[in-house]
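Asks: The structure that follows is given in the form of structure tokens.
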Amino acid sequence: MTTETGKGAAGARTAGPRALARQRRRQSVVRFWKQYRTHRAGLAGLIALALFALLALTAPLTFGSDVAGVTGAPGQPMESPSAEFPLGTDRFGRDLLGLLVWGSRVSLLVGLLAAALSVAIGTTVGITAGHFKGAYATVLMRITDWFLVMPTLVLAIALATVLPRSLGTVVLAIGVTSWPTTARLVRAQTLAVESRPYIERAKALGGGHWHVMSRHVLPNVMPLVLAQTTLMISSSILAEATLAFLGVSDPNVVSWGGLLQDAREAGAVSSGNWWYLVPPGIAIAVVALAFTLCGRAVESVLNPRLGVGR
């Protein structure tokens, strides 16, 4: 018994700080999930996003890769919903259900990448502006203010028009124009963290700028960054749909905004072909709402003082 106890203590000692850190991270994840699943709205949003992600990932298996092809379309143009085509067909005779599922791949991908780019820029600007004060922070905040007062959609359209029409251009246009809000929030949190005593101790012990920002400031602002990311994804999806609807996105890919643009050009509004317009619009609204619900739930779990409803 004594020998086994000694081996256990020795194993605990040899585990080291890294094993202890991994154990704490696992406990944090479990604790976060237990609190998150008590938010019914956030859980509903997560289930909806999981269903959309499953549809997007399995699209090549369920509808094939030629669903967007104009030549050899399976139906007649502008067919109403039927057993063969549950959502009808478009102006080329393509199955709108297949196009809707394939469009989810582009819309979700662009939304995720644009939100990641926007949050990365905003977090970098916010942390550095909060840490390095003086002229550097003043210049960064004035640039941030300029982006805040400028219409985001106008800037995105200008970038998407000047640069080559591709998904990368859309991601760049959305990400570069939507970061100021994140920068403002992260800078305010950075200033609050920098005023704490342990930051002074870290500097007194020889910690440099990179050490303080990466080891002390960034972990404390990450909950805010995570919540802001989930909220930015819904805004990015809406922005991508808007750019595609305005015709400045890549015309060679299928997206929900592109389907709405095709429906407008085909005269679906005046002819009353609701099946051409309603499904993409509902998909955009549901996904944006789901990400918003998840973001609010994450924000409530990470900062219970906000009092976000369940």
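The values are calculated or read from the model by the stated rules, or taken from the named source; none is laboratory data. These numbers were taken from a predicted model, which means no experiment stands behind them. Heads up, the Cβs are rebuilt from the backbone with ideal geometry, glycines too, and the neighbour counts pull from every protein chain shown. Each accessible area value is taken on the protein alone, full model and side chains, heavy atoms only, with ligands, DNA and RNA left out. Shrake-Rupley method; radii C 1.70, N 1.55, O 1.52, S 1.80 Å.
Asks: Tell me, please, whether a residue that is open to solvent by 40 Å² or more (accessible area, probe 1.4 Å), at pLDDT below 85 and of a type outside the set (K, R) can be found in the stretch 279-299.
Replies: Looking through the stretch 279-299, at least one residue is open to solvent by 40 Å² or more (accessible area, probe 1.4 Å), at pLDDT below 85 and of a type outside the set (K, R).
Asks: Something else: Please go through the stretch 237-277 and give me each residue that is under 16 Å from the mean Cα position of the chain (by Cα), farther than 19 Å from G42 by Cα and crowded, with 24+ Cβ neighbours inside 10 Å, ordered by number.
Replies: A239, E240, A241, listed by residue number.
Asks: Output the residue which, of all residues in the stretch 36-61 that are open to solvent by 80 Å² or more (accessible area, probe 1.4 Å) and touching a helix residue (DSSP H, G or I) at 6+ places or on another chain (Cβ under 7 Å), is nearest to S107 (Cα to Cα).
Replies: Here the residue is L55.
Asks: Filter the stretch 214-228 for residues that are of a type outside the set (A, V, I, L, M, F, W, C) and open to solvent by less than 60 Å² (accessible area, probe 1.4 Å) and give the result.
Replies: Matches in the stretch 214-228: S214, H216, N220, P223, Q228.
Asks: Here's something else I'd like to know. Which residues, counting only those in the stretch 176-195, are open to solvent by less than 10 Å² (accessible area, probe 1.4 Å), under 13 Å from M232 (Cα atoms) and at pLDDT 90 or above?
Replies: Matches in the stretch 176-195: P180, T182, A183.
Asks: Moving on to the next point. Take the stretch 122-174 and flag every residue that is open to solvent by 50 Å² or more (accessible area, probe 1.4 Å), in contact (Cβ under 8 Å) with a residue 60 or more places away in the chain and either over 24 Å from S104 (Cα atoms) or in contact with a strand residue (DSSP E or B) (Cβ under 8 Å, 6 or more places away or on another chain) (or both).
Replies: Once the filter is applied, which keeps residues that are open to solvent by 50 Å² or more (accessible area, probe 1.4 Å), in contact (Cβ under 8 Å) with a residue 60 or more places away in the chain and either over 24 Å from S104 (Cα atoms) or in contact with a strand residue (DSSP E or B) (Cβ under 8 Å, 6 or more places away or on another chain) (or both), the stretch 122-174 yields only F132.
Asks: Within the stretch 52-76, count every residue that is in contact with a Lys or Arg (Cβ under 7 Å, 6 or more places away or on another chain), modelled with pLDDT of 85 or more and over 18 Å from P280 (Cα atoms).
Replies: Qualifying residue count, the stretch 52-76: 0.
Asks: Another question, then. Determine which member of the set L109, L117 is part of a helix (DSSP H, G or I) and closer than 25 Å to L260 by Cα. Talk me through it step by step, then tell me what you get.
Replies: Values: L117 fails: closer than 25 Å to L260 by Cα.
Among L109, L117, only L109 is part of a helix (DSSP H, G or I) and closer than 25 Å to L260 by Cα.
Asks: Only one of V269, V253, V248 is more than 17 Å from V110 (Cβ to Cβ) and either touching a helix residue (DSSP H, G or I) at 6+ places or on another chain (Cβ under 9 Å) or among the basic types (K, R) (or both); which?
Replies: Sole residue among the options that is more than 17 Å from V110 (Cβ to Cβ) and either touching a helix residue (DSSP H, G or I) at 6+ places or on another chain (Cβ under 9 Å) or among the basic types (K, R) (or both): V269.
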